[in-house]
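The values are calculated or read from the model by the stated rules, or taken from the named source; none is laboratory data. Because the structure is a prediction, the values reported are computed rather than measured. No Cβ is skipped: glycine too gets one built from the backbone with ideal geometry, and neighbour counts run over all protein chains shown.
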Amino acid sequence: MPLVRDCIESLYNKVDKIICVDGRYIDFPGSCDYSTDGTLEYLKNLSKVKVIIATASEVDKRNRYLEELLDGDIVLNLDADEVLVGDIPPLTSDFGIIELVDGHCKKVQVRATRFFKYRAGMRYRDVHYTLYYKNRMINSLKKVVNPDFSSEYVKGCHILHNWHLRGQLRLHNKSRYYKKLIQSERGYPR
């Protein structure tokens, strides 16, 4: 719950609405299908937040939030253990390539599907970070590969990934889960 609160507070006054998809991933260790640590109660008291409960694969959970969007909506996708640092700049392209900074070691990576203009019909497919439109892949992890979509590098903000602040059991379970996820997504384009 503290990580979710940090995530929400980092962007609450910078966006019009927040869609939170809560629920255990398929194959994630544990028996509870949703948050029981006060997260849901916290989120349900925030006027800009819509909570969706879904026990599903990572791809299906990401598609679930896309179902709530309108054509042309600007999307900033953060995980529960991430915060936005800086102000959200105007997006003048279809996709903003944004930096993802590891909060533990400060390693910087870039991500291609964290900040984008939604087009009705976009769907995640195959892997949890690859979007498709009209059955054509739009992006790899770090860049836009479809020439029908423009991209730009985002300046003035970045995403800080605070995975290392999770409890030891959660870190252990997440590690086990990601090993399974990588196995199930193996063979798809990266």
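Key figures for this structure:
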| quantity | calculated |
| --- | --- |
| Set Leu11, Leu46, Leu70: member being assigned to a helix (DSSP H, G or I), among the hydrophobic types (A, V, I, L, M, F, W, C) and at pLDDT 95 or above | Leu11 |
| Every residue from the range 93-124 that is touching a residue at least 24 places away in the same chain (Cβ under 8 Å) and of a type in the set (Gly, Ala, Ser) | Ser93, Gly96, Gly103, Ala112, Ala120 |
| Residue, surrounded by the most Cβ atoms within 10 Å (Cβ to Cβ), within the range 100-111, restricted to residues that are among the charged types (D, E, K, R) and under 22 Å from Val4 (Cβ atoms) | Arg111 |
| Failed item, numbered, when Asp60 is tested on (1) of a type in the set (Asp, Glu); (2) at pLDDT 95 or above; (3) out of contact with any His (no Cβ under 8 Å at 6 or more places or on another chain) | (2) |
| Pair list, Cβ under 9 Å, 6 or more apart: the range 36-61 residue within 19 Å of Asp126 (Cα to Cα), other residue modelled with pLDDT under 90 and in a helix (DSSP H, G or I) | Ala54/Asp60; Ala54/Lys61; Thr55/Lys61; Ser57/Leu181; Ser57/Ser184; Glu58/Leu181; Glu58/Glu185; Val59/Glu185 |
| Scope the range 143-157; condition surrounded by 15 or more Cβ atoms within 10 Å (Cβ to Cβ) and polar (S, T, N, Q); matching residues | Asn146, Ser151 |
| Test for Asp37: is it out of contact with any strand residue (DSSP E or B) (no Cβ under 9 Å at 6 or more places or on another chain), among the acidic types (Asp, Glu) and either part of a loop (DSSP other than H, G, I, E, B) or within 23 Å of His164 (Cα to Cα) (or both) | yes |
| Some residue of the range 65-74 being touching a residue at least 40 places away in the same chain (Cβ under 8 Å), closer than 29 Å to Pro147 by Cα, small (Gly, Ala, Ser) and surrounded by 18 or more Cβ atoms within 10 Å (Cβ to Cβ) | no |
| Unique residue being at pLDDT 95 or above, farther than 25 Å from Tyr12 by Cβ and either hydrophobic (A, V, I, L, M, F, W, C) or within 14 Å of the chain's Cα centre (by Cα) (or both) when the list is Ile97, Ile138, Ile88 | Ile138 |
| Residue in the range 131-139 that is in contact (Cβ under 8 Å) with a residue 40 or more places away in the chain and surrounded by 19 or more Cβ atoms within 10 Å (Cβ to Cβ) present | yes |
| Selection from the range 78-88 of residues that are part of a loop (DSSP other than H, G, I, E, B) and surrounded by fewer than 17 Cβ atoms within 10 Å (Cβ to Cβ) | Asp79, Asp87 |
| Some residue of the range 162-173 being among the small types (Gly, Ala, Ser), assigned to a loop (DSSP other than H, G, I, E, B), out of contact with any Phe, Trp or Tyr (no Cβ under 9 Å at 6 or more places or on another chain) and at pLDDT 95 or above | no |
| Flag if Asp22 is of a type in the set (D, E, K, R) and either under 24 Å from Phe149 (Cα atoms) or in contact with a Phe, Trp or Tyr (Cβ under 8 Å, 6 or more places away or on another chain) (or both) | yes |
